[in-house]
1. Share of Cα-Cα pairs in region 275-363 beyond 22 Å, in percent?
2. Quick check on the chain: helices-only [θ] at 222 nm, where DSSP H runs of length 4 and up contribute -39,500 (n - 2.57) each and the sum goes over total residues. Nearest 500, please.
3. Suppose R0 equals 30 Å. What FRET efficiency, 1/(1 + (r/R0)^6) with r the Cβ-Cβ distance, do Ala317 and Ala249 give to the nearest 0.05?
4. Which residue, Val87, Asn116, Phe74, has the largest displacement toward the positive end of the dipole of region 35-119 when charges sit on each Cβ (Lys, Arg +1; Asp, Glu -1)?
5. Jot down the radius of gyration and Dmax of region 113-182, Cα atoms only, both in angstrom.
6. What nm value, rounded to one decimal, do you get for the distance between His268 and Ala172 when each label is placed 7 Å out toward the C-beta?
7. Kirkwood hydrodynamic radius for region 218-277: how many Å is it when counted over pairs of different Cα atoms?
8. List the DSSP H helices in the chain whose Cα atoms stretch 20 Å or more along the helix axis and whose mean Kyte-Doolittle hydropathy is at least -0.5.
Amino acid sequence: MTAYFSFADRSAPPAARADGTIARWLLTGPAHVSTGVHAGGVAGCVAAPGSPSYVYPEIAGYYLQWLAWRAQRFGNSPTLADRAAAVQAWLAVWLSAADPPPTRVHLIDANDDWRNRAVFCFDLSMVLRGLAAAARARLLVADAAVVTGVSRQLERLIAADGLFDACVTHVAGDPLPERWSTRRGGFLAKAAAGIITATRTLSGIAATVERAATATFAASIGWTFETPHAETHPLLYAFEGIMALPRDARFADSLAAVAEQFDALLAHANADGHIPESLTSTTGGPARVDVLAQTLRIGYLLHAHRPQQPPDRVALARLRQVLARQVHPTGAVGFTLEPDPAQWNVWAAMFTDQALAFAVPTRDSIPWWHSDPLLV
């Protein structure tokens, strides 16, 4: 049976039909570091000539999740397993570098990055989620030392109320920039859902971490609907966390609320595919490719779960065409909608690969979106 709908435009260029161009760049290009002390690490950004700028654990977790999704959707392969094993080996190196380990490892400049003064719940959660997804896909055997090491770092983030803080500084009282990523909010639904999912596969995750994830997920649902993020990127993270657990007892009620907020977000999209960085700012901002791909993924999932009340199909089809045009012939994707970006963005490439593939029908006896959709 056809388990999904299709937004596919058969007259569209090959990249619009998710032909594997992006995947080849992610698997064989500069995004995955192949040599040196950081071999196996995954870059966040790559300079247009091909030099990775930095590697970090969040993107490593995303990459593992993406590899597992590729295996589920298109079939397992030695290449996917090889990349997964290399990423896990790098995670072991990263964990052993310092306690706590750095948030970002800069490869070009010795950058005084404020993120390296703190430990972030979201980043660590993405590592656990990715390891679990890769293990379920039989791409790797999870390294017990890596799992327990990440779990121990997450324990630092459990506050007195039993919920995760967004981040904790290495030195108490060290002020960090006031950003959504440094404060609690609905975006932590994605982090908490990732940990909850990981506990079903991985041993070695502390019981205190699992309890904090369960409590944080419940709190994040409330934050998402009572005090939603004004910034679209974390707002979509919140939606992704909710959509990642379709078998949760609160999913049906949450789905209707997500759909309402998503329709309001989609109404802000213009014909050029520009979704504003903030829904409340009047100053605009760059048109981000990652946000565009996130929007499409949630739109497709809402359509799958609510076929009688789908999002605006015309708007989604228009956004898909805009997104497809952002794919360079090499498979690389920029961070913003511009013809000649100075850098390629790795997580935007993974989001884009998945968004374009979601638009193509699959034939499964059980629709894949009934369980974990493996959103990167």
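Values quoted throughout were computed directly from the atomic coordinates according to the rules given, and no laboratory measurement underlies them. As the structure is a computational prediction, the values presented were derived from the model and not from experiment. Using ideal geometry, Cβ is built from the backbone for each residue, glycine included, and neighbour counts are taken over all protein chains shown.
1. 29 percent
2. Details: 12 runs with 176 residues, N = 376.
Per the formula, -15000 deg cm²/dmol.
3. Working: r = 34 Å, r/R0 = 1.12.
For R0 = 30 Å, the calculated efficiency reads 0.35.
4. Phe74
5. Rg, Dmax (Cα atoms, Å): 13.9, 43.
6. 3.8 nm
7. Values: mean 1/r = 0.0828 Å⁻¹.
Here the Kirkwood hydrodynamic radius works out to 12.1 Å.
8. On the way: long enough: 57-74 (25 Å, -0.31); 78-97 (29 Å, 0.80); 121-136 (23 Å, 1.02); 207-226 (29 Å, 0.43); 251-266 (21 Å, 0.96); 289-305 (24 Å, 0.67).
Qualifying helices: 57-74, 78-97, 121-136, 207-226, 251-266, 289-305.
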